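Read-outs: derived from the displayed coordinates by stated rules, not from any lab. None of these values were measured; they are calculated from a predicted model. Positions of Cβ are generated from backbone atoms using ideal geometry, with glycine treated the same way; all protein chains shown enter the neighbour counts.
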Amino acid sequence: MASPPWKKSSPSRGTDRISDLPDNVLGHVLSFLPTKEAGRAAMLGRRWRDIFCSVHTISFEEVEGERKDDWDTYFWEAADRRSCSGILLDCISSALLRRRNRCASSTSVLPVPLRSFHFAFDSCSGWDKVAVDQWLFDVLCRSGNEELHLDLRFHIGPICKRRKDEDNDEKEPKDNEGWGYVLPIALFSCTAIRTLCLSHCKLNVPDTVDLPFLEALRLTGIRGNDSGYMIQRLVWSCSRLVDLMLEANACLKKLTVLDKRLQRFALRCCHNIAKVLIDASELRSLEYSGSVPEESLLSLSGSPGLASCTIRFCRVRPNNESEFVGFRRFLEKVSNSKHLHLHHRGLDSGFFAVFPMFSSLKRLELQGPIQSSDSVNGIRRILEHTPNLEVLSLYMDTNPQKQKAKPITYRRRLEELDDDDEEEEYERSIVVDNLLVPDESGLSSMPCLRHSVKEINMVNYQYDVQHRTLASLLFCNALVLERMCVVLGKGQFALQVDLKKEIESWLVAKPEKSFM
């Protein structure tokens with residue numbers, strides 16, 4: 001009798017095909033795992049013992065507040081001056097040391113140059129600096145001609161703290177010259193660096209900078225009273241820079257980038273900056289976060305064809321005419337964008353009333369709470385100024401200051417099926433007495449809903465009068481809708497089912513539906 005097919009032996013049965021892969025392939029695969037997990041692969045067997053030498057990415061990061069209790073110990077009196085970051089220092093040092101020692105002891109094992117090196121301190125103490133110097137020296141010397149991406153963060157936490165005073169002016173910090181890690185000069189002459197992300201450290205830019213292949217530069221909370229000057233010098237020295245992000249640099253007052261053509265530029269919470277000059281002829285992505293700027297803040301030379309623009313106003317003075325003017329003129333500079341992501345938290349109806357025309361806009365993302373009927377009318381005004389919109393996404397944040405919505409109640413109706421039947425049927429439906437009916441007279445002013453909007457997404461949709469009013473306004477008038485997705489907020493399953501049925505009753509088109 002012949003053996004069943006599943007019992008027939010296979011030539012490949014019992015072989016380990018994964019271990020037969022080359023070292024560089026296995027190292028590349030392990031580089032996508034957390035560094036600790038990649039290191040544990042050495043325990044799989046003799047074949048895997050030296051694979052970590054082929055891992056090209058090393059990444060370690062502390063959690064915010066991880067060492068907040070360590071400062072209460074007596075390490076100040078210890079002879080070895082123990083660091084609060086002992087665990088993090090040991091992990092990174094062990095990872096680099098294993099690569100170096102094993103490759104040095106074996107001529108048959110060739111190290112793979114690091115492509116990415118990332119670490120983040122919860123707080124960098126003075127005794128951590130010596131270890132960081134050793135790490136950077138090892139990484140820079142062994143990078144070779146391969147591309148290198150560095151992400152060095154010396155602080156974890158919020159980068160912009162809103163003040164409680166009325167004018168919301170941010171004072172320059174009194175920077176202690178002895179505080180903060182000072183980057184080694186050798187860092188600015190490493191030709192392998194392609195991406196450089198620095199956070200809460202000092203630049204110490206030398207007279208000669210040799211970063212010919214640096215393409216992406218991201219600077220956050222750079223320390224030092226001369227940090228603004230150092231940032232400008234570093235930007236000028238990067239000839240191939242196409243991606244620049246500046247975040248929470250309090251000493252930065254002016255920035256000029258006219259000698260190179262950026263493709264992506266982000267300015268986040270640099271509240272003391274007064275002037276930015278950029279050659280925007282090839283600019284594709286712009287991000288701004290901060291107070292409503294003066295008209296003279298941003299100067300875009302050339303003819304920018306922005307594909308994406310993200311705007312978040314974290315400091316707004318309500319009912320202020322100068323704020324309204326600044327808001328409109330700032331948006332007019334990016335009115336040719338095809339994709340706009342606007343965080344509208346804190347913007348009252350006066351800002352929506354001066355919203356400019358975005359004739360080229362195809363995708364619109366609005367993020368913020370829908371607090372009142374003014375918010376609904378504000379979104380309505382925005383849609384009036386986006387005649388060619390195709391995709392609308394609403395991220396409806398919860399407002400912590402808003403009172404909780406009125407508890408859901410149900411109408412119950414008892415129907416007797418037969419005189420002899422003891423069963424009773426209860427039919428429930430959502431009470432809609434407080435639902436505002438959209439004004440039909442103004443629907444003709446939103447041609448995008450009737451002619452171009454093909455996709456609508458609503459995230460954190462809840463049982464709220466304003467949410468339901470807005471949803472009814474959109475779905476009842478989206479005549480060419482092809483796809484819709486509604487992510488329901490947390491709540492009882494029965495309520496979510498009723499909300500789903502209510503939304504489906506408003507649809508006039510037959511789109512591809514998705515509820516989550």
- Say the cut-off is 23 Å between C-alpha atoms; which of Lys254/Lys333; Lys275/Lys338; Lys333/Lys362; Lys490/Lys513 go over it? Lys275/Lys338
- Non-local amide H neighbours of Cys314 (under 5 Å, H modeled in plane, Pro and chain starts lacking H): which ones? Gly290, Ser291
- Message: Give me Ile87, Ile370 sorted ascending by neighbouring Cβ count inside 10 Å, so fewest comes first.
- Response: Ile87, Ile370
- In nm, to one decimal, how far is the Ala186 label point from the Phe515 one, both placed 7 Å along Cα→Cβ? 6.2
- Task: Provide Phe154, Phe355 in ascending order of the number of other Cβ atoms located within 10 Å of each residue's Cβ, fewest first.
- Result: Phe355, Phe154
- What is the set of long-range amide H partners of His155 at a cut-off below 5 Å, with H atoms built 1.01 Å from backbone N? Phe121
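By average Cβ neighbour count within 10 Å, what is the ranking of 307-318, 48-59 from highest down?
The most tightly packed comes first, giving 48-59, 307-318.
Mind giving me the FRET efficiency for Val25 and Glu147? R0 is 30 Å, r the Cβ-Cβ distance, nearest 0.05 is fine.
My answer for the efficiency is 0.95.
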- Item | R0 of 45 Å, Cβ-Cβ distance Arg17-Arg240: FRET efficiency to nearest 0.05 | 0.60
- Query: Listed highest first by mean packing, meaning other Cβ atoms within 10 Å per residue, what order do 130-143, 218-231 come in?
  - Reply: 218-231, 130-143
- Pairwise label distance in nanometres, Arg264 with Lys500, each label 7 Å out on the Cα-Cβ vector: 3.7
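I'd like the FRET efficiency for Asn457 and Glu37, computed as 1/(1 + (r/R0)^6) with the beta carbon distance as r and R0 of 51 Å, rounded to 0.05.
0.90
If we sort 282-291, 255-264, 503-512 on the protection proxy, mean other Cβ atoms within 10 Å, highest first, what's the order?
282-291, 255-264, 503-512
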